[in-house]
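Worksheet: one structure, shown below.
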Amino acid sequence: MATEALSPDRDSTPLTDGMPAGLFDDAPMPMLVADARTGRIMAANRALGTLLGRTPDELRGASLETIDTASQEEIAEYLLLATAAGDREPRRRTLKAWNAARIDVEVRAVPFGGTGHPAVVMTMRDARDDAVREQEQGRLRAQFWMAQKHETIGKLAAGLAHDFSNLLSVVMLTADALRARLDEDPEAQNELDVITDAGFRARELTLELLAFTGQQMMTPRSVSLNELVTGMEPLLRRAVPEDIELSVTLCEGQAAVHADPTQLQQVLLNLVVNAREAMPEGGRLVVSTQEVEVEEDFAREFASVQAGPHVLLSVSDTGVGMDEETRSRIFDPFFTTREQGRGSGLGLATVYGIVKQSDGSIWVTSQPGAGSNFRIYLPRLAGAPRRSVGPRGVRVGGVPGGDEHILLVEDDLAVRTRTAEILEELGYTVTMAATPDDAAMVHDDLWPERGRHPIDLILTDVIMPGMSGVELVRRIRTKREDVPVVFMSGYLDPMSDSAHRADSPYLAKPYTRRELARCIRATLDQDRDAGDGTGS
């Protein structure tokens with residue numbers, strides 16, 4: 001098949017004569033008619049000319065080889081097959097435009113009998129959008145797969161952590177009780193220290209699991225990220241060796257976000273420790289904050305972040321960096337590049353869980369030998385953050401106590417019994433209930449209108465058989481709207497009405513005697529201040 005110059009064939013007869021006006025020339029899809037014997041273009045419509053940067057007249061008379069990247073033999077074979085049976089399925093081909101650009105198209109060819117000799121009609125569809133679409137779909141599939149994997153592992157981890165938290169609560173509260181009784185026995189105190197230290201380490205591991213799954217109990221509030229970083233700076237400097245230069249750069253303003261400050265401290269510390277491990281021979285570590293406006297285009301490119309005002313927390317290092325395979329797995333639970341025994345592999349998974357639970361987004365850029373940069377975007381709040389008020393109250397054995405009446409609702413017998421004993425030692429009157437139904441009946445029986453001692457505070461587990469703690473409180477508040485409540489749980493049930501209890505504190509299991517005492521006292525004092533109109 002001879003190659004012809006890209007010039008019009010003045011002797012050719014218009015093949016579209018007799019067709020309805022516009023059916024060929026004005027069709028939106030690129031089309032051509034080709035001689036099946038020679039591969040010569042006998043007619044081309046305007047859409048094909050626009051696609052290739054030529055006019056239909058310039059294309060007419062040229063060889064298919066001048067616009068198709070396939071070889072002469074491949075084109076001849078394709079024309080022969082198309083003449084015999086036509087294309088049942090579209091074929092991918094690559095065309096050459098006038099400026100040498102390559103254009104991917106899908107082509108269908110069917111026999112055409114209007115020329116008096118074998119010919120084909122080819123219709124084409126620009127497939128470049130498909131490539132972009134496939135790339136986007138691939139990215140979304142990867143994100144969906146990652147989310148499914150995190151959800152599956154998270155459900156398993158959350159269930160185990162919930163039961164483990166109940167066991168740890170009993171161990172730690174019992175150790176606290178024994179410590180008070182064996183105050184004059186130094187050897188026993190040392191043994192109790194071992195138990196308590198092990199309990200704290202187990203609790204940290206449990207909380208890391210819950211943070212990864214997004215199930216950890218959180219007490220979000222308005223907080224200044226700048227103040228949080230400033231307050232942690234001494235700790236961060238102690239966490240890195242002298243051969244690592246730590247630089248902290250804060251933006252102007254408050255950098256206010258709505259999050260749990262304790263969880264944000266854990267995020268920052270985990271990232272700094274991770275950076276430290278990536279710089280065994282020293283280097284430079286930069287922690288910075290910045291108030292940014294996420295544009296729509298940026299939000300479309302990174303689907304995990306919403307457009308609008310954000311605070312950017314950045315932690316970058318000059319360490320060993322990561323290849324693409326490692327970078328794609330860094331937020332997986334139990335994945336670690338450290339030696340065995342030098343970490344649980346939950347540090348960055350914990351960071352990921354906390355950020356997601358705080359309605360934020362996180363991603364990392366890194367190259368081998370060029371360090372890493374972790375960027376966290378948290379929605380920015382308008383106005384100054386609210387400052388917290390410390391607990392007040394009568395102190396018993398170094399922790400705050402009181403004489404109020406507490407309704408304790410907990411389905412685990414050991415946790416319920418041990419918690420009640422601690423509260424009674426602190427001076428409180430405690431009424432226990434094993435189920436929400438029992439608690440509702442107890443509260444109704446002690447209702448002030450019946451002349452009995454009212455309930456001053458409800459301390460309830462969140463997840464219980466039959467009825468959740470949230471549902472119990474909703475039921476009681478139909479009769480007494482202002483009853484103070486403290487929710488406690490080993491994990492946060494994603495099906496519960498978190499907005500309903502946004503104004504109530506959470507007590508995360510496992511908890512110590514001191515944590516229990518401070519939470520109860522602070523809630524009672526806050527309720528009293530609100531009733532007196534003296535609260536802030």
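The values are calculated or read from the model by the stated rules, or taken from the named source; none is laboratory data. Note that this is a predicted model, so its numbers are computed, not measured. In this analysis, Cβ positions are derived from the backbone assuming ideal geometry, glycine residues included, and neighbour counts consider all displayed protein chains. The protein model used for the area step is the full one, side chains on, heavy atoms only, and it has no ligands, DNA or RNA in it. Shrake-Rupley method; radii C 1.70, N 1.55, O 1.52, S 1.80 Å.
Distance between the modelled labels on Glu481 and Ala84, one decimal in nanometres: 8.4 nm (7 Å Cα→Cβ projection). Counting only protein heavy atoms and using a 1.4 Å probe, the accessible area of Trp145 comes to about 140 Å².
Size of segment 71-112: Rg and Dmax of its alpha carbons, in Å, are 11.6, 34.
Where in segment 61-118 are there trypsin sites (Lys or Arg not before Pro) that are in a DSSP coil and have at most 11 other Cβ atoms within 10 angstrom of their Cβ? Walk me through the numbers on the way to the answer.
Numbers: sites: Arg88, Arg91, Arg92, Arg93, Lys96, Arg102, Arg108; in loops: Arg88.
Sparse-neighbourhood loop trypsin sites (Lys or Arg not before Pro): Arg88.
In order along segment 257-271, the phi-based Karplus estimate (6.51 cos²θ - 1.76 cosθ + 1.60, θ = phi - 60°) of 3J(HN,Hα) comes to 9, 9, 6, 7, x, 5, 5, 5, 4, 5, 4, 5, 5, 4, 5 Hz; Gly and Pro are listed as x.
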